[in-house]
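The values are calculated or read from the model by the stated rules, or taken from the named source; none is laboratory data. Nothing here was measured: the structure is a model prediction, and the numbers come from that model. Cβ: placed from backbone, ideal geometry, glycine included. Neighbour counts: every protein chain shown. Keep in mind that these areas ignore ligands, DNA and RNA; they rest on the heavy atoms of the full protein, side chains included. Shrake-Rupley method; radii C 1.70, N 1.55, O 1.52, S 1.80 Å.
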Amino acid sequence: MASPPIIAGNWKMNLLLESSTKLISDLKKGGISNSRARVVIIPPATLLSSIAYQIKDTGVFLGAQNCHEELAGAFTGEVSADMLASAGCNYVILGHSERRMLFGETNDRIKAKMSSAIKCGLTPIVCVGESLQQRESGEAMDAVRKQLEECLVDEVNKNNCIIAYEPIWAVGTGQTAEPDDIEEIHRHIRNALKAKNPNSDGIPILYGGSVKPENASKILVLPEVGGALVGGASLNPKDFLAIINAASGKSEKKI
Ligand code: PGA
C-alpha cells in the first residue's frame, strides 16, 4: 500500500497558550482526526507539552522546529533531541532556510543534529532548497544536491528521514514553484538520495513554500511529492484543513 501523504504545519515563532488551544480545537472540530493524510503539528518549543496533551488520541503527530546536536550539557537556551522525544515529539525539522540564513546553521551541524535526532527516535524533516539567485543562474540542482550530500547521514532511509524541498524564494512570499519545476527537482532529489544510499527508496519528499488551499491540489498530485510542509497557512484552521483535505482527496467540512 502506498504510504499516506504527510502534511506538516510549521507554526514557526507564532501562537501562545490560548491561541494555540483555540487552533487545535478548531482543527479537531473540522475533522483533523479523520484524514487519510499523516498530519504533523510543529509548534514552538514552549507549546510542545500542551499540544502533545491536546492531540493525544487524535492520530495527529507532534514535531519540533529544531534541536541541538548534543543530548545534554552547558548549552544555554538549547533543546536536545531526547528532550523533544520526551515531550511527545515524533518529528523534528532540521535545516530550515530561516535557521540556515538567520542563525548560521551549516550542513555539518545539520548532519550532526540528524544523527542525534535519529538516535532519540525522532524522524528528521530535513529542509533543502535553492536561493533566488541560484535558481536564476541555473544552479538550483547543484545547490540542492550539495545540501543533500552534506546534511544527510550515510544510512539515510525511509524509516529515518523525510526531505522537504523548500525553494527559499517561495517561503513566506506567496510565490510557489511551477509544477513542472517541482516535479523536475523532486526527481533530482530522488536520484541524489539513491546516490547517497541505494536503499533509500520511499523516503517521502515534501514540497514547502507558500502552500495554500488554492495551490495545494495541483502540487500534491505530482508523482514525487509525498506531502507538504506548510507555514503561514497552518495557522489558519480553515486553510490548513483544506490543504489536509486536498491531500486526502476529500472535500472540506464546515467548522
Ligand atoms: P510558508 O512557509 O508556507 O509560509 O511559505 C513554509 C515553511 O517555512 O516551512
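Here are the numbers for this structure:
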read-out: Residue match in the range 147-169 (condition: within 23 Å of A85 (Cα to Cα) and among the acidic types (D, E)); value: yes
read-out: From the options L241, L222, L229, residue that is buried (at least 20 other Cβ atoms within 10 Å of the Cβ) and either assigned to a loop (DSSP other than H, G, I, E, B) or more than 14 Å from the ligand (Cβ to nearest atom) (or both); value: L241
read-out: Scope the range 113-140; condition surrounded by fewer than 19 Cβ atoms within 10 Å (Cβ to Cβ) and more than 19 Å from G63 (Cβ to Cβ); matching residues; value: S131, L132, Q133, Q134, E136, S137, G138, E139
read-out: Flag for A52 being assigned to a helix (DSSP H, G or I), open to solvent by 20 Å² or more (accessible area, probe 1.4 Å), free of Cβ contacts under 8 Å to residues at least 60 places away in the same chain and more than 15 Å from P237 (Cα to Cα); value: yes
read-out: Which numbered condition S210 fails, given (1) more than 11 Å from the ligand (Cβ to nearest atom); (2) assigned to a loop (DSSP other than H, G, I, E, B); value: (1)
read-out: Only one of A164, A170 that is under 23 Å from E69 (Cα atoms) and of a type in the set (A, V, I, L, M, F, W, C); value: A164
read-out: Check on A143, among the hydrophobic types (A, V, I, L, M, F, W, C), modelled with pLDDT of 95 or more and either open to solvent by 70 Å² or more (accessible area, probe 1.4 Å) or over 24 Å from E178 (Cβ atoms) (or both); value: no
read-out: Set P179, P198, P204: member being open to solvent by 10 Å² or more (accessible area, probe 1.4 Å) and in contact (Cβ under 8 Å) with a residue 60 or more places away in the chain; value: P204
read-out: Any helices (runs of 4 or more DSSP H) falling wholly within the range 76-169 and containing at least 3 residues that are within 16 Å of the ligand (Cβ to nearest atom), on the phi < 0 side of the Ramachandran plot and in contact (Cβ under 8 Å) with a residue 60 or more places away in the chain; value: 97-102
